[in-house]
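A.B. asks: Before we start, here is the structure in question, set down as structure tokens.
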Amino acid sequence: MLDAISPYGCWIVWRPMVDLKVAYWIPCIVMQGIQYGYFLLVYTGIQDVGLAVLKEIFHRLFDIYVINVSVLLLKDDRPILYTYYPFNVNECHSWEPQYLASFHNIENESNFTLDTKLFPNKVANMQGCNLTIITWDYMPCLGLNSESEANASKKDGFEGLLLKFLIVEQQGNISILCFMYSKDRADAMLASKSYISQRIVLAIPHGRLMVPFEPLIKPFRCITWLCFSLSFALAIWVIYSIRFLDKAELTTLVYGHDNRTPFLNLLQTLAGGAIYGHIPKRNFARYILMMWLLYTLVLRTAYSGELFRILQHSHVRYTVTSLGQAVESNYTVYTFFSVVGVLKSLYPELKIRLVDEHNPLPNILEKLSDPNNGEKIALGISEYAIRWYNQKNHPRRIKMLAQPLVTAPVVFFMPRHSYLAHPTGKWIADVLQSGLMKRMESSVLYMTSRSSQSRGAAAALSFYLLSGVFFVYFLVLVFCSLIFLLELNSSRSAKIRNLLNFLNV
């Protein structure tokens, strides 16, 4: 029965009334009493408990990862304390009972003290015992090099480097592979402390090639083009409204004195040209001119810089820029089971398929890196996986959205009640404090997330890239030719002459 329980341990008073197989039911009492902590088993029965029975008890306690346990019983009317050390110099996974202390004749000592710890640290030194890891090959987290039987223990990846500091053996002491912490896993297994955080990003296809005219529009978004168009149309409307009213005072107030070509000056300043003729001298006209010059300077500089970057780096493809656009474009997102809940919470209508044996990850990565693949697919995956793939496949890199879907702590999992929880937690804290984890990550992933984007090599300005510019130039030539023909016919038609005189400002 259980006499007392605390957050740190429990006393279990063991009073068997019949000759039961104590080696079987004592571990059950421990499991039902408390999951973690320190245990003192006090035997008060009359049957003689031999070391063989204690050994079997310790064996079964070790199987459920309980090692901080001591047994107090009587031997020849002497209270003796036994424990076991699963990791010692001579043997790994030993459950031989070991003498810990004796309480003989303590009634004759007024100041009795225990010379040894009641619960000594049994995992401070694991004596080089092997550790069994459940994992598989998944770079850059962990890579298994098994070219030969002797080389089977060689591990790559930053988690492989992490494992080189750990040591024990069982059917599965640790399961590690860039696992995101989740409640479902934590309910079934014991999670370690987090040693790194990973971002789940959306890997997207390269997208379709833009038509020649699209790169000229791409530097600005629709809202910017709308605001510019409205301001330009407003300026034209003001110019020709004043021209139609034909009031000298209003013309001098807005344009300045003797300014006969306001529309031409508007186009010249928009294109970055100089103003020829009379400069406004009144405050209001000068204020309007300076506002327009600053406005066009900012827009022109931003537009020309972004347009050159797009053309020079071959950014002439159109693809989605957010998860919302992927939903609107009817994309199918492949991902792992642990990420499905996150995506469904963001967009319940999103089409999702699991990465499994029917949809293997290498095939999906190959499709995303193919610039000629037109499938509407995306992949929700760890940023580390994309950076590793781009690091190994320079000519065919995969694009990913800058905004992550979720950032989650990475942990490894152990069996419930594992004795490895405390030592690995302390060790992870030391690794993080010393900066070793960042060093391990950078030694495997030398390509940053910014450099891993699919930018392509700098390209020469070909005719195809500049065909949109030539198209605009051709339209301007046609417009100029039309005006020239109207000028030629103005001498024979009074209506054309009056129209040109009205527009010629």
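The values are calculated or read from the model by the stated rules, or taken from the named source; none is laboratory data. Since the structure is predicted, the reported quantities are computational estimates derived from the model, not experimental observations. When we count neighbours, we look across all protein chains shown, and the Cβ atoms used for this are built from the backbone with ideal geometry, even at glycine. For the accessible areas, the whole protein counts, side chains as well, though only heavy atoms, and no ligand, DNA or RNA atoms are used. Shrake-Rupley method; radii C 1.70, N 1.55, O 1.52, S 1.80 Å.
Residue by residue, here is whether (1) modelled with pLDDT of 85 or more; (2) open to solvent by 80 Å² or more (accessible area, probe 1.4 Å); (3) in contact with a strand residue (DSSP E or B) (Cβ under 7 Å, 6 or more places away or on another chain) holds:
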{"site": "207", "(1), (2), (3)": "no, no, yes"}
{"site": "212", "(1), (2), (3)": "no, no, no"}
{"site": "235", "(1), (2), (3)": "yes, no, no"}
{"site": "241", "(1), (2), (3)": "yes, no, no"}
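A.B. asks: So, in the range 374-400, exactly how many residues are surrounded by fewer than 21 Cβ atoms within 10 Å (Cβ to Cβ) and either under 23 Å from residue 446 (Cα atoms) or modelled with pLDDT under 85 (or both)?
C.D. replies: Residues of the range 374-400 surrounded by fewer than 21 Cβ atoms within 10 Å (Cβ to Cβ): 374-377, 383, 391-396.
From what is left, the residues that are either under 23 Å from residue 446 (Cα atoms) or modelled with pLDDT under 85 (or both) are 374, 383, 391-396.
Looking only at that region, the number is 8.
A.B. asks: Which count do you get for residues in the range 44-61 that are more than 20 Å from residue 117 (Cα to Cα), open to solvent by less than 40 Å² (accessible area, probe 1.4 Å) and of a type outside the set (A, V, I, L, M)?
C.D. replies: Summing the residues that are more than 20 Å from residue 117 (Cα to Cα), open to solvent by less than 40 Å² (accessible area, probe 1.4 Å) and of a type outside the set (A, V, I, L, M) in the range 44-61 gives 2.
A.B. asks: Among the numbered criteria (1) surrounded by fewer than 20 Cβ atoms within 10 Å (Cβ to Cβ); (2) touching a strand residue (DSSP E or B) at 6+ places or on another chain (Cβ under 6 Å), which one does residue 366 miss?
C.D. replies: Result: residue 366 fails condition (2) only.
A.B. asks: For the range 417-440, give me each residue that is open to solvent by 20 Å² or more (accessible area, probe 1.4 Å) and in contact with a strand residue (DSSP E or B) (Cβ under 8 Å, 6 or more places away or on another chain).
C.D. replies: Matches in the range 417-440: 417, 421.
Each row is one residue, and each column tells you yes or no for (1) within 25 Å of residue 209 (Cβ to Cβ); (2) of a type outside the set (S, T, N, Q); (3) touching a residue at least 40 places away in the same chain (Cβ under 8 Å).
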site	(1), (2), (3)
372	yes, no, no
376	yes, yes, yes
380	no, yes, yes
406	no, yes, yes
413	no, yes, yes
417	no, yes, yes
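A.B. asks: Moving to a separate point now. Suppose we filter the range 47-62 for residues that are of a type in the set (A, V, I, L, M) and not in a helix (DSSP H, G or I); how many remain?
C.D. replies: Taking the range 47-62 and keeping what is of a type in the set (A, V, I, L, M), we get 49, 51-54, 57, 61.
Those still in the list that are not in a helix (DSSP H, G or I) too: 49.
Selection size over the range 47-62: 1.
A.B. asks: Scan the range 269-294 for residues that are in a helix (DSSP H, G or I), exposed (fewer than 15 other Cβ atoms within 10 Å of the Cβ) and at pLDDT 80 or above and jot them down. Can you show your working first?
C.D. replies: Here is the first cut: in the range 269-294, the residues in a helix (DSSP H, G or I) are 269-270, 283-294.
Pick out the ones that are also exposed (fewer than 15 other Cβ atoms within 10 Å of the Cβ) and you get 283-284, 286-287, 290-291, 293-294.
Within the range 269-294, 284, 286, 287, 290, 291, 293, 294 qualify.
A.B. asks: Quick one: which helices (runs of 4 or more DSSP H) lie wholly within the range 165-245 and hold at least 2 residues that are under 29 Å from residue 369 (Cα atoms)? Before the answer, list the steps.
C.D. replies: Numbers: elements: 183-188, 214-217, 222-245.
It comes to 214-217.
A.B. asks: From the set of residues in the range 337-363 that are among the hydroxyl-bearing types (Ser, Thr, Tyr) and in contact (Cβ under 8 Å) with a residue 24 or more places away in the chain, which is most open to solvent (accessible area, probe 1.4 Å)? Don't jump to the end; show me each part of the working.
C.D. replies: Of the residues in the range 337-363, the ones among the hydroxyl-bearing types (Ser, Thr, Tyr) are 338, 345, 347.
Remaining after also requiring in contact (Cβ under 8 Å) with a residue 24 or more places away in the chain: 338, 347.
Working: 338: 45, 347: 76 Å².
That would be 347.
A.B. asks: Return yes when residue 251 is among the polar types (S, T, N, Q) and either at pLDDT below 85 or part of a strand (DSSP E or B) (or both) and no when it is not.
C.D. replies: On the way: among the polar types (S, T, N, Q): yes; either at pLDDT below 85 or part of a strand (DSSP E or B) (or both): yes.
Spelling it out, residue 251 is indeed among the polar types (S, T, N, Q) and either at pLDDT below 85 or part of a strand (DSSP E or B) (or both).
A.B. asks: Could you count how many residues in the range 242-271 are of a type in the set (S, T, N, Q) and farther than 21 Å from residue 283 by Cα? Explain how you work it out, then say what you get.
C.D. replies: Going through the range 242-271, the residues of a type in the set (S, T, N, Q) turn out to be 251-252, 259, 261, 265, 268-269.
Restricting the remaining residues to those that are farther than 21 Å from residue 283 by Cα gives 268.
Here the count works out to 1.
A.B. asks: In the set 149, 159, which member is surrounded by 10 or more Cβ atoms within 10 Å (Cβ to Cβ) and modelled with pLDDT under 65? Reasoning before the result, please.
C.D. replies: On the way: 149 fails: surrounded by 10 or more Cβ atoms within 10 Å (Cβ to Cβ).
Within the list 149, 159, the selection yields 159.
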